Amino acid sequence: MSLLVFYLFAAIAVLAALGMVVLRNPVHSALSLALVFVSLAAMYVLLSAPFIAVAQVMIYAGAILILFVFVIMLLSPGTDQGVGALKAQRGLAILFGAALLVLLIAVLGGAVLPPTRGTFTPEAIAAEGDTQAVGALLFTNFLLPFEITSILLLVAIVGVIVLAKKRQSISKQ
Amino acid sequence: MLISPELILAIFGMLVLVVDLIGRARTREWLPWVTVLGFVLAFAATLYIWGSNASIFAGMYSVDMFSLFFKLLATIAGTMIVLVSIDYLRGRTTRQGEFFSIFTFSILAMTMMASSASLLMIYLSIEFLSYTSYLLTGFLREDKKSNEAALKYFLYGAITSAVMLYGLSLLYGVSGSLNLTDIATAFANTVDPSVRTVALVAPALVLAGLGFKISLVPFHQWAPDAYEGAPTPVTAFLSVGPKAVGFAILLRVALTTLPIYQASWIPLLAVISIITMTLGNLVALRQTNIKRLLAYSSIAQAGYMLIGLVGVNLTGNSPFSGLNGVLIYLFAYLFTNLGAFICVIAIENATGAVNIADYAGLVRRAPFVAALFIIFFLSLAGIPPTAGFIGKFFVFGAALREGFLTLAAIGVINSIISVFYYFAVIRAAFFLDAKDPSPIRITPLVTAMLTVTAAMVLLIAVYPQPLFNLAAWSMGMFGVVK
Amino acid sequence: MDPLALVIIEALIKSIVVIIVLLTGFAYLTLMERMVVARIQVRVGPNRVGRVFGIAALQPIADAIKMIFKEDFIPANADKLIYVLAPGIAVGTALLAWAVIPLNPPLTIFGYTINFEIANVNVAVLYLLAIGSLSIYGIVLGGWSANNKYSLLGALRSTAQMVSYEVSLGLSLVGVLMVSGTLSLTQIVQQQSMIWNVVWQPLGFVIYLVCALAEINRVPFDLPEAETELVAGYQTEYSSLKFALFYMAEYINMLTISAIASTVFLGGYQGPFGILPGVHWLLIKMLIFIFIFMWIRGTLPRFRYDQLMRFGWQVLLPLALANTFVTAVVLVLLGK
């Protein structure tokens, strides 16, 4: 049953991801990406991590992507038909991209990863609660990355203000 | 307090913002000095915890001598770049507070990259440094070139970081751990052919992200445009900072996680090293803009440094372990390249010129700068008696010791090619007549920084023993490879 | 019978019941709104169709029939797929929220315990926020796909507005989460049998109400469809059933936020002394909220765009942050 659900959402995710790259209209691309995010969330549910799943939908589909859509609509670019300089490179790009793809499939396609089980098995999560597990880890083992991320976000906010705020003329100083 | 340098940098990064926010115009004059104070304190804190060898935050963060070496490097680079950017920024931007704050955070990111011992921290700190670098590159909003540079840098960085993340996820998938040493153990204990296959491919993908930071060919295309458009002190930073800590992570991953696959990654790195040196040097020959020239020069320099990793061999007591060559090279390169860029800044501050043609007759207009150009370019080309020679001596020596004769030979040939374009600048400065012979006024601060860097370049060459010791200490924590 | 199949059948039945109730409820909400606003404006309001006790009891059905028989029009340069999809997304996300709201205490009939929520998810509060953040898509896509500048402006406004107020909305609930120590709505309701959360979180309650109003684009935050400036905002080009769907989504959202506010802050289905079954209490509380929303609509003018943004970022967000901070400090001091 859960395998069936997995394949269903895996297929949706892969197709939507392809659509995101292939579709010409940026809004369609963004929507495909939203679909990818939602199917990923479904997979997190299958992995008994509903907290991560909901956070995934809320943050990626609900916040980040909406901002993408906002920017796309604000700038309303036409459908991308390829600019002159890029057109000349298209053949080469396809060639090298396909070569890399073939290489990766050839090398990684046959690889079977070891079926290791980590600390957080479904039973462990059921006993502790997945939200509690995420919270506890964030403030113990992953405290440093957690704090650094907050500094990173601060820097990002400062940077956005620097880049986006109305220009002041230098002579005023 | 093993993370005191990081704490100090984080606090000062925010302090600068606060001072900028609540301070008056006169207080804001002190912002660069507050920043410098932060760097000096972080430098002192690094010295205070000198000799520690600890793994903290559940093994995510390694405070060892290797990381402390790079923290020293980061704070030194930070101090010098802040000092030369004071005059440069005046009149170019009104947002000095944000500039110095973001710059402090970028030094923080460098110190964290040096200590990262888990895939998560590696990715996070690389992204941290990338974001601050993009912001600094595009900081001059009024300047179209600065915008263009930031955009190209950002797009290129986003792609390589995605590729790197894919590689990191594969590494995590095959080993079940984020910790570099745990991954090494998992690799050593497995006979599963699938794991071994993935363990060969995944690091190659990770190399895309690191190669972007280090500017290795073929991940170098952003460098000339970003270097040309960025504010010149930022260019100086980009040419030494991300490159140095990129090497820190490359060395750490190669020597702690992947030593058992050394036979596989050495040919790959050797090839990358050769094309990086050759392409960098050949394209540099055709450049007319000094910042682009130094960009290609710094790409080529990354190629030389990589020779040290190719020739790495930590067994025995040979003075040419390869690793020490990379560290010595990085240290020498820090002062040399910063010095060269400070010369460029000195001229740009006074005249706004960044083309080599504008350097005609420089010897009459600014004899001090012209003379120092010679020292820095000699050092970049690796000609004694300069620091660059010591660096090249040790990386080429390691390659010879390991029997990579062709690689060493190509390195030497490339050094000779590089002499041509370095001396094209010197020829303009010394043997061509200036269109405008008026003398160029160099501010005292820039003069002081020029003196310091030039003195260091010469000092390392005539009295290199302390640097040798520093490199030897710093690599002590790596196990025997081979 | 297979237990899994049983669970699925039970969920299906519950979903169908909830959807039917919501759709009828929506229809009669429109009637209620027309009447309430009419009284506020000293008018009579609808009183003709199927008159019962002076109320036009069949008015909503008449409205629905009228709506269905209008011409269904798609603008020539619209992005057809998305244009059709958008109202569906709007209604879909509006209905999805109801999957986790507990309506009544569990009942045991013939040894079979029925829970009166469709799914007892242990991250229900976050689920609500996630669904709420997805509901923007309906408006945004509807506004964009119609290829009309008023629609686009409405969509842009609503994106900015909803994204801004979502932050404070989430933070206003964090206080309750810290007090109750769970993300499960079922548990949050059960904990309020003695004292409602609003007692501990008065500020959070107010912030939630304000932000929720902004999230569903009601007066005084109805800039996305400000008729005096934008014709009808994102709905300008919609007609017939598609327009009705947007309309429906709007009213269901109103029901949803009243239900969430009642559940999280006012004890949900918990009523005094065990009189009346729980669901009645929930309905009474929701009706009070809905009446307040209509009252607001009848009395308050609309915000200007810059006022809206400033209010969201410079008043509500700091307040919500302060509320979170104070709650955290107090909880630590109490040693919880």
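The values are calculated or read from the model by the stated rules, or taken from the named source; none is laboratory data. This one's a predicted model, so the numbers in the text were calculated from it and none came from an experiment. A quick note on method: Cβ atoms are made from the backbone with ideal geometry, for glycine too, and the neighbour counts reach across all protein chains shown.
If only one of B:ALA54, B:ALA77 is over 22 Å from B:LEU178 (Cβ atoms) and in contact (Cβ under 8 Å) with a residue 12 or more places away in the chain, which one is it?
None of the other options fit; the residue is B:ALA77.
Does B:ASN147 meet the test of being in the same structural domain as B:LEU251 (by TED's automatic domain parsing), within 30 Å of B:PHE237 (Cα to Cα) and over 23 Å from the mean Cα position of the chain (by Cα)?
Here the answer is no, as B:ASN147 does not meet what is asked.
Please name all residue pairs, on different chains or six or more residues apart, with Cβ atoms under 6 Å, provided the first residue is in the range C:56-71 and is more than 15 Å from C:LEU241 (Cβ to Cβ) and the second residue is among the polar types (S, T, N, Q) and outside any helix (DSSP H, G or I).
C:ALA56/C:ASN47
Restricting the search to the range B:444-480, which residues are of a type in the set (S, T, N, Q) and at pLDDT 90 or above?
Selection gives B:THR447, B:THR451, B:THR453, B:GLN465.
Looking at B:THR406, is it within 30 Å of B:ILE86 (Cα to Cα), in the same structural domain as B:LEU293 (by TED's automatic domain parsing) and more than 20 Å from the chain's Cα centre (by Cα)?
no
Please go through the range B:117-147 and pick out each residue that is among the acidic types (Asp, Glu), without any contact (Cβ under 8 Å) to a residue 60 or more places away in the chain and not in a helix (DSSP H, G or I).
Scanning the range B:117-147 gives a single hit, B:GLU142.
Among the residues of the range A:41-59, which ones are within 12 Å of the chain's Cα centre (by Cα), crowded, with 21+ Cβ neighbours inside 10 Å and not polar (S, T, N, Q)?
Matches in the range A:41-59: A:ALA41, A:VAL57.
In this structure, does C:ILE40 turn out to be at pLDDT 85 or above and exposed (fewer than 11 other Cβ atoms within 10 Å of the Cβ)?
Criteria not met by C:ILE40.
In the range A:13-58, which residue that is in a loop (DSSP other than H, G, I, E, B) and at negative phi is farthest from the other protein chains (Cβ to nearest Cβ)?
For the range A:13-58, the residue satisfying everything is A:LEU47.
Looking at B:LEU323, is it buried (at least 24 other Cβ atoms within 10 Å of the Cβ) and under 21 Å from B:ILE260 (Cα atoms)?
When the stated conditions are applied, B:LEU323 passes them.
Would you list the helices (runs of 4 or more DSSP H) that sit entirely within the range A:63-173 and hold 3 or more residues that are modelled with pLDDT of 75 or more and within 12 Å of chain B (Cβ to nearest Cβ)?
Output list reads A:84-108, A:143-164.
Here are B:MET1, B:MET14: which of them is within 26 Å of B:PHE247 (Cα to Cα) and assigned by TED's automatic domain parsing to the domain that holds B:TYR123?
Step by step, each of B:MET1, B:MET14 is checked, and only B:MET1 is within 26 Å of B:PHE247 (Cα to Cα) and assigned by TED's automatic domain parsing to the domain that holds B:TYR123.
State whether one or more residues within the range C:136-153 are away from chain A (no Cβ under 11 Å) and assigned to a loop (DSSP other than H, G, I, E, B).
Yes, the range C:136-153 contains at least one residue that is away from chain A (no Cβ under 11 Å) and assigned to a loop (DSSP other than H, G, I, E, B).
Would you be able to tell me the number of residues in the range C:8-49 that are of a type outside the set (A, V, I, L, M), outside any helix (DSSP H, G or I) and touching a residue at least 12 places away in the same chain (Cβ under 8 Å)?
Matching residues across the range C:8-49 total 2.
Looking at (1) assigned to a helix (DSSP H, G or I); (2) touching a residue at least 60 places away in the same chain (Cβ under 8 Å); (3) in the same structural domain as C:LEU266 (by TED's automatic domain parsing); (4) crowded, with 16+ Cβ neighbours inside 10 Å, find the lone condition where C:ILE89 falls short.
Every condition holds for C:ILE89 apart from (2).
Given the condition farther than 22 Å from B:GLY308 by Cβ and touching a residue at least 24 places away in the same chain (Cβ under 8 Å), answer yes or no: does some residue in the range B:398-418 qualify?
There is no residue in the range B:398-418 that is farther than 22 Å from B:GLY308 by Cβ and touching a residue at least 24 places away in the same chain (Cβ under 8 Å).
From the list B:ASN313, B:ASN289, which one is in contact (Cβ under 8 Å) with a residue 12 or more places away in the chain, surrounded by fewer than 24 Cβ atoms within 10 Å (Cβ to Cβ), touching a strand residue (DSSP E or B) at 6+ places or on another chain (Cβ under 6 Å) and not hydroxyl-bearing (Ser, Thr, Tyr)?
B:ASN289
Only one of B:LEU47, B:LEU41, B:LEU73, B:LEU37 is of a type in the set (A, V, I, L, M) and within 17 Å of the chain's Cα centre (by Cα). Can you tell me which?
Just a single option satisfies the conditions, and that option is B:LEU73.
Let's see how each residue does on (1) touching a residue at least 12 places away in the same chain (Cβ under 8 Å); (2) outside the structural domain of B:TYR333 (by TED's automatic domain parsing); (3) not aromatic (Phe, Trp, Tyr):
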| site | (1), (2), (3) |
| --- | --- |
| B:TYR422 | yes, no, no |
| B:ILE426 | yes, no, yes |
| B:ALA455 | no, no, yes |
| B:PHE468 | yes, no, no |
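Working only within the range B:245-289, note down all residues that are out of contact with any Leu (no Cβ under 8 Å at 6 or more places or on another chain), of a type in the set (S, T, N, Q) and not in a helix (DSSP H, G or I).
B:THR288, B:ASN289
Is one or more of the residues making up the range C:157-166 in a helix (DSSP H, G or I), at the interface with chain A (Cβ under 10 Å from one of its Cβ atoms) and touching a Ser or Thr at 6+ places or on another chain (Cβ under 7 Å)?
Yes, the range C:157-166 contains at least one residue that is in a helix (DSSP H, G or I), at the interface with chain A (Cβ under 10 Å from one of its Cβ atoms) and touching a Ser or Thr at 6+ places or on another chain (Cβ under 7 Å).
Here are some conditions: (1) over 30 Å from the mean Cα position of the chain (by Cα); (2) part of a helix (DSSP H, G or I); (3) free of Cβ contacts under 8 Å to residues at least 24 places away in the same chain. B:THR190 meets all but one. Which one does it not meet?
Status for B:THR190: all satisfied but (2).
Would you be able to tell me the number of residues in the range A:26-56 that are more than 14 Å from A:ALA13 (Cα to Cα) and either assigned by TED's automatic domain parsing to the domain that holds A:ASP130 or of a type in the set (A, V, I, L, M, F, W, C) (or both)?
10
Okay, residues lined up against (1) under 19 Å from C:ALA249 (Cβ atoms); (2) under 28 Å from the mean Cα position of the chain (by Cα); (3) in the same structural domain as C:MET294 (by TED's automatic domain parsing); (4) of a type in the set (A, V, I, L, M, F, W, C):
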{"residue": "C:ARG34", "(1), (2), (3), (4)": "yes, yes, no, no"}
{"residue": "C:PRO46", "(1), (2), (3), (4)": "no, yes, no, no"}
{"residue": "C:ALA57", "(1), (2), (3), (4)": "no, yes, no, yes"}
{"residue": "C:ASP63", "(1), (2), (3), (4)": "yes, yes, no, no"}
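I'm checking my understanding of the structure. Among residues of the range B:61-84 that are of a type in the set (Ser, Thr, Tyr) and outside any helix (DSSP H, G or I), which one is surrounded by the most Cβ atoms within 10 Å (Cβ to Cβ)?
Restricting to residues being of a type in the set (Ser, Thr, Tyr) and outside any helix (DSSP H, G or I), the top hit is B:SER62.
Please name all residue pairs, on different chains or six or more residues apart, with Cβ atoms under 6 Å, provided the first residue is in the range B:87-111 and is within 8 Å of chain A (Cβ to nearest Cβ) and assigned to a helix (DSSP H, G or I) and the second residue is surrounded by 24 or more Cβ atoms within 10 Å (Cβ to Cβ) and hydroxyl-bearing (Ser, Thr, Tyr).
Close Cβ pairs (under 6 Å, with a partner that is surrounded by 24 or more Cβ atoms within 10 Å (Cβ to Cβ) and hydroxyl-bearing (Ser, Thr, Tyr)) amount to B:ILE102/B:THR132; B:PHE105/B:THR132.
Failed condition for B:ILE440, given (1) in a loop (DSSP other than H, G, I, E, B); (2) within 20 Å of the chain's Cα centre (by Cα); (3) of a type in the set (A, V, I, L, M), with all others met?
(2)
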